[in-house]
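K.L.:
Quick one: the structure is below, questions incoming.
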Amino acid sequence: MELYLDLRSQPCRSVFMFAKLNAIPFDFKLVDLAKGEQYGEEFGKISPVRKVPVMKDGDFVLTESVAILQYLAEKHASRLPDHWYPADLRQRARVNEYLSWQQMNLRAHGSKVFLLKVGLVEELSQTVDVLDKYFLGEKLFLCGASISLADLVAVAEIMQPVSSGVDVFSGRPKLSAWCERVKKEVGVALFDEANAAIMTSGGVPQSLREAGLPQIFKDKFKKTFL
C-alpha cells in the first residue's frame, strides 16, 4: 500500500499517525505541496483530484482523509482495537458525527487562521468551544473513554493553528488535558514526527514564500480556504 502525503497537511498527519500506530505497512510517497507537486503530471496519473492524502492499495485508489481512515479501520478491523472505529452502532455514529462536523468547522476555521492569521481568530475560538464543550465535554476522549479516529483527526487539525502561534488551549483546561492524553496514546515520538514539518518550518505559507511559486498556485491554495 502507498500513502501519498505531505505532513504539513493536517489530514495527512491523521492518516500517517493511524497507519503508524497500528503497524499498517505502507510506502510513504512525499507530495511536496510547497513545490506544487500535486499539480504535476505524475501525481495527476494517480489522482485527478490533485490533493493529499491519497491511498493506493493495489489497483484501488482512494482520496479524502476520512474515507481513507475508515477504509483502513474496516480493512484491518479484525486485529485493531475496537475503540478506533467502534463496532457498536451508536459509538460509531458518534465518531462519524465528529468526522462529518469537523470538515467545515474545525478544519476550515483552523486552516484559515493558519494560512491567513487575519480576522479569523474569533471564528476559530467559537469552533474550538464546540469541540471543547460538545464533542469532548466531560469525556476522556471525543467519543468516549478510549481514543478513536475522531481524536486523531481532531488533534491533527488543532495543531494547525497551534503551529502558527494561536493558543487554542488558553482557558480550556479540559481540552488541553485531552490533547495530552491523545499525545500519550499516540506516543510522543510519533506525535512529534507527524507534526515536525508543521511546527519547525512555519508550514506551507512560509514554504510558499520561500519557493517563489507561480501566483496561480498561490491563488488556488488560498481559494481552498476562503
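K.L.:
Taking segment 31-55 as the region of interest, how many residues are more than 14 Å from the chain's Cα centre (by Cα) and within 24 Å of ASP151 (Cα to Cα)?
P.N.:
Let us first name the residues in segment 31-55 that are more than 14 Å from the chain's Cα centre (by Cα), namely 31-50, 55.
From what's left, within 24 Å of ASP151 (Cα to Cα): 55.
Here the count works out to 1.
K.L.:
Quick one: which residue in ASP151, ASP129 is open to solvent by less than 30 Å² (accessible area, probe 1.4 Å), modelled with pLDDT of 75 or more and not assigned by the TED database to the domain that holds GLN10? Before the answer, list the steps.
P.N.:
Working: ASP129 fails: open to solvent by less than 30 Å² (accessible area, probe 1.4 Å).
ASP151 is the lone residue from the list that is open to solvent by less than 30 Å² (accessible area, probe 1.4 Å), modelled with pLDDT of 75 or more and not assigned by the TED database to the domain that holds GLN10.
K.L.:
Something else: Looking at segment 22-55, which of its residues are small (Gly, Ala, Ser) and surrounded by 14 or more Cβ atoms within 10 Å (Cβ to Cβ)? Explain how you work it out, then say what you get.
P.N.:
If we filter segment 22-55 for residues that are small (Gly, Ala, Ser), which is where we start, we get 23, 34, 36, 40, 44, 47.
Matches in segment 22-55: ALA34, GLY36, SER47.
K.L.:
Please find, within segment 132-148, the residue that is most open to solvent (accessible area, probe 1.4 Å) out of those that are assigned to a loop (DSSP other than H, G, I, E, B) and touching a Phe, Trp or Tyr at 6+ places or on another chain (Cβ under 8 Å).
P.N.:
First, pick out the residues of segment 132-148 that are assigned to a loop (DSSP other than H, G, I, E, B): 137-140, 142-143, 145-148.
Then drop every residue that is not touching a Phe, Trp or Tyr at 6+ places or on another chain (Cβ under 8 Å), which leaves 140, 142-143, 147-148.
Values: LEU140: 86, LEU142: 6, CYS143: 15, ILE147: 4, SER148: 2 Å².
It comes out as LEU140.
K.L.:
Here's a follow-up. Restricting to segment 152-183, count the residues that are in a loop (DSSP other than H, G, I, E, B) and not small (Gly, Ala, Ser). Give the steps one after another, and end with the answer.
P.N.:
Applying the first criterion (in a loop (DSSP other than H, G, I, E, B)) to segment 152-183 yields 164-172.
Narrowing further to those that are not small (Gly, Ala, Ser): 166-169, 172.
Adding up the residues that qualify gives 5.
K.L.:
So, one more: Going by what's in this entry, would ASP167 be described as open to solvent by 80 Å² or more (accessible area, probe 1.4 Å) and at pLDDT 60 or above?
P.N.:
Working: open to solvent by 80 Å² or more (accessible area, probe 1.4 Å): yes; at pLDDT 60 or above: yes.
Considered against the rule, which asks whether it is open to solvent by 80 Å² or more (accessible area, probe 1.4 Å) and at pLDDT 60 or above, ASP167 comes out as yes.
K.L.:
A further question follows. Look through PRO86, PRO81 and report the one residue that is closer than 16 Å to ASP151 by Cβ and open to solvent by less than 20 Å² (accessible area, probe 1.4 Å).
P.N.:
Numbers: PRO81 fails: open to solvent by less than 20 Å² (accessible area, probe 1.4 Å).
Within the list PRO86, PRO81, the selection yields PRO86.
K.L.:
Still on this structure, I have one more. Every residue in segment 129-153 that is of a type in the set (D, E, K, R) and within 20 Å of the chain's Cα centre (by Cα), please. Spell out the reasoning first.
P.N.:
Of segment 129-153, the ones of a type in the set (D, E, K, R) are 129, 132-133, 138-139, 151.
If the condition is that a residue be of a type in the set (D, E, K, R) and within 20 Å of the chain's Cα centre (by Cα), then ASP129, ASP132, ASP151 are the ones that fit.
K.L.:
Something else about it: So for segment 60-68 (the condition being in contact with a strand residue (DSSP E or B) (Cβ under 6 Å, 6 or more places away or on another chain), open to solvent by less than 60 Å² (accessible area, probe 1.4 Å) and free of Cβ contacts under 8 Å to residues at least 40 places away in the same chain), does at least one residue qualify? Talk me through it step by step, then tell me what you get.
P.N.:
Residues of segment 60-68 that are in contact with a strand residue (DSSP E or B) (Cβ under 6 Å, 6 or more places away or on another chain), as a first pass: 62-63, 68.
Narrowing further to those that are open to solvent by less than 60 Å² (accessible area, probe 1.4 Å): 62-63, 68.
Now restrict to residues that are free of Cβ contacts under 8 Å to residues at least 40 places away in the same chain: 62-63.
Within segment 60-68 (the criterion being in contact with a strand residue (DSSP E or B) (Cβ under 6 Å, 6 or more places away or on another chain), open to solvent by less than 60 Å² (accessible area, probe 1.4 Å) and free of Cβ contacts under 8 Å to residues at least 40 places away in the same chain), the answer is yes, since at least one residue qualifies.
K.L.:
Let me ask something additional. Condition first: at pLDDT 75 or above and farther than 18 Å from PRO11 by Cα. Now tell me which residues in segment 102-126 satisfy that.
P.N.:
The initial filter retains those residues of segment 102-126 that are at pLDDT 75 or above, namely 102-103, 105, 123-126.
The answer is GLU123, SER125, GLN126.
K.L.:
Give me the pairs: first residue in segment 1-15 and of a type in the set (Gly, Ala, Ser), second residue assigned to a helix (DSSP H, G or I) and open to solvent by 10 Å² or more (accessible area, probe 1.4 Å), beta-carbon distance under 8 Å, and six or more apart or on different chains, which are they?
P.N.:
Final answer for the pair search is SER9/LEU33; SER14/SER65.
K.L.:
Sticking with this one: So which residues in segment 184-226 are at pLDDT 55 or above, part of a helix (DSSP H, G or I) and open to solvent by less than 50 Å² (accessible area, probe 1.4 Å)?
P.N.:
Listed by number, the residues that qualify are VAL186, LEU190, PHE191, ALA194, ASN195, ALA196, ALA197, ILE198.
K.L.:
Looking at segment 154-164 only, could you name the residues that are open to solvent by 10 Å² or more (accessible area, probe 1.4 Å) and either in the same structural domain as PHE16 (by the TED database) or not hydroxyl-bearing (Ser, Thr, Tyr) (or both)? Lay out the reasoning, then the answer.
P.N.:
We begin by selecting, within segment 154-164, every residue open to solvent by 10 Å² or more (accessible area, probe 1.4 Å); these are 159, 162-164.
Across segment 154-164, the qualifying residues are MET159, VAL162.
K.L.:
May I ask you to verify whether LEU99 is closer than 24 Å to ALA23 by Cβ, assigned by the TED database to the domain that holds GLY171 and at pLDDT below 95?
P.N.:
Numbers: closer than 24 Å to ALA23 by Cβ: yes; assigned by the TED database to the domain that holds GLY171: yes; at pLDDT below 95: yes.
Judged against the criteria, LEU99 is a match.
The values are calculated or read from the model by the stated rules, or taken from the named source; none is laboratory data. As the structure is a prediction and not an experimental result, all values here were calculated from the model. So basically every Cβ, Gly included, is an ideal-geometry build from the backbone, and we count neighbours across all protein chains shown. To get the accessible areas, we keep the full protein, side chains included, count just its heavy atoms, and leave off ligands, DNA and RNA. Shrake-Rupley method; radii C 1.70, N 1.55, O 1.52, S 1.80 Å.
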